[in-house]
């Protein structure tokens with residue numbers, strides 16, 4: 001079995017979010033421990049680290065719940081059922097009918113529905129195709145920026161360890 005399928009990706013996301021939960025708890029614990037034993041005197045520093053830990057914990061917990069449940073269709077269907085105007089707009093724009101089933105006895109704003117032999121696709125399938133394309137695009141942008149961040153870390157490390165030729169040569173010895 002090759003990693004990269006649904007189960008492997010789900011498990012990797014769960015593991016990553018569990019790691020982030022542990023890191024957030026570590027941040028909170030170390031900050032509280034440092035304040036308790038008097039190693040850190042600034043309450044602002046402790047509050048900042050605890051705040052970052054709590055924020056990371058919340059984001060990781062929501063990510064973990066999302067990875068475990070994986071209810072994309074359910075969320076889309078809830079949004080679909082909230083507004084008839086949105087349903088009609090989506091049906092007209094994407095030329096599809098219904099979300100998870102097509103009711104040929106009902107009404108639909110799509111052109112395909114008004115043909116003598118209607119052959120419409122369900123809107124959930126078309127929305128998922130578009131969502132997949134958008135997610136690939138956004139993932140590509142995220143990947144690009146992650147590589148630029150790695151480049152920035154490397155350049156900062158390199159810059160930090162380079163001696164300034166204008167300074168005193170014996171200052172670093």
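Just so you know, all these numbers are worked out from the coordinates, no wet-lab data involved. All values derive from a computational prediction rather than experimental measurement.
Annotations for the structure displayed:
- Segment 7-70 - Kirkwood radius from inverse mean 1/r over Cα pairs (Å): 12.5 Å
- At q = 0.18, 0.25, 0.34 Å⁻¹ the log10 of I(q)/I(0) for segment 79-123 amounts to -0.43, -0.82, -1.40, computed by Debye summation with a single uniform scatterer per C-alpha, solvent ignored.
- Over all projection directions, the Cα-based convex hull of segment 33-72 averages an area of 3.3 nm².
- Percent of Cα-Cα distances greater than 19 Å, calculated over segment 65-161: 58 percent
- Gaussian network model of the chain, springs between alpha carbon atoms under 10 Å - residue of 39, 135, 68 with greatest fluctuation: 39
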